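Asks: Sharing a structure below in structure tokens format, with a few things to ask.
Each value in this text was obtained by applying a stated rule to the coordinates, not by laboratory testing. Owing to the predicted nature of the structure, the values given are computational and were not obtained by experimental measurement. For neighbour counting, all protein chains shown are included, and Cβ atoms are generated from backbone atoms with ideal geometry for every residue, glycine included.
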Amino acid sequence: MKNPYKDKSWFKFLSNKYVWVLLSFLTWMLFLDNYSYFEHRFLNKQIDELEDNAAYYQGEIKKDEENIKELKNPMQIEKYAREKYYMKKDSEDIYIIEFDDDTVQKK
């Protein structure tokens, strides 16, 4: 008995051994391999995030270097200590005024 699908073009295409080899290779490369397409996409996203982090931290380093340059001046050191650490001289009183919008609300 003759196969009824033998004359169909899709049957000839799918019965070709080279097509099967190509399909299995593509499946292997896309899904199963250690260096698959999806693994590369994931790694590229991580690289982009790390590059963004590096750019952010480079900017922060520049800001800190400028702050260090400013703190070489004794008057700037005193100003910094008063603003950040609420330090004072013995003869001074410090009043800290907080507004409702300035505080962080805890959930």
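Asks: Using only Cα atoms, tell me the angle between helix 37-70 and the longest principal axis of the chain; keep it within 0 to 90° and round to the nearest 10.
Replies: Once rounded, the angle reads 10 degrees.
Asks: Moving on to the next point. Across region 77-85, in residue order, what do the Karplus-derived ³J(HN,Hα) couplings come to in whole Hz, using 6.51 cos²θ - 1.76 cosθ + 1.60 with θ = phi - 60° and x for Gly and Pro?
Replies: Using θ = phi - 60°, the values come out as 4, 5, 4, 4, 5, 5, 6, 8, 10 Hz.
Asks: Let me ask another. Tell me which of Ser15, Leu32, Ile97 sits at the most positive position along the dipole axis of region 9-102, charges placed on C-beta atoms (Lys, Arg +1; Asp, Glu -1).
Replies: Ser15
Asks: Taking Cα atoms, how many degrees apart are the long axis of helix 17-27 and the longest axis of the chain, rounded to 10 and kept between 0 and 90?
Replies: Helix 17-27 sits at roughly 10 degrees to that axis.
Asks: Could you size up the charge dipole of region 9-102 around its Cα centre, putting +1 on the beta carbon of Lys and Arg and -1 on that of Asp and Glu, and report it in debye to the nearest 20?
Replies: Working: 13 positive and 20 negative charges, 203 e Å.
That gives a dipole near 980 debye.
Asks: Here is a further query. Scan region 7-97 for chymotrypsin sites (Phe, Trp or Tyr not before Pro) in coil per DSSP, keeping those whose Cβ has at most 11 other Cβ atoms within 10 Å, and list them by number. Numbers along the way, then the final one.
Replies: Working: sites: Trp10, Phe11, Phe13, Tyr18, Trp20, Phe25, Trp28, Phe31, Tyr35, Tyr37, Phe38, Phe42, Tyr56, Tyr57, Tyr80, Tyr85, Tyr86, Tyr95; in loops: Tyr35, Tyr86, Tyr95.
Here the sparse-neighbourhood loop sites are Tyr35, Tyr86, Tyr95.
Asks: If you take every residue apart from Lys63 with its C-beta less than 13 Å away from the C-beta of Lys63, what net charge results, scoring Lys and Arg +1 and Asp and Glu -1? Write down the numbers at each step before the final one.
Replies: On the way: positive: Lys62, Lys69; negative: Glu60, Asp64, Glu65, Glu66, Glu70.
So the surrounding residues net to -3.
Asks: May I pose another question? How high is the relative contact order of the chain, in percent, with contacts defined as C-alpha pairs under 8 Å that are six or more residues apart? Before the final figure, lay out each step's value.
Replies: Numbers: 20 pairs, mean separation 6.7, N = 107.
Relative contact order, the chain: 6 percent.
Asks: Taking the structure as given and computing volume of the Cα convex hull per residue in Å³, which label from (i) 100; (ii) 273; (iii) 131 fits?
Replies: Here the calculated entry is (ii).
Asks: Anything over 29 Å Cα to Cα? Flag those among Lys62/Lys89; Lys62/Lys84; Lys69/Lys89, in the order listed. Intermediate values should be presented prior to the final figure.
Replies: Working: Lys62/Lys89 32 Å; Lys62/Lys84 20 Å; Lys69/Lys89 24 Å.
Those over the limit are Lys62/Lys89.
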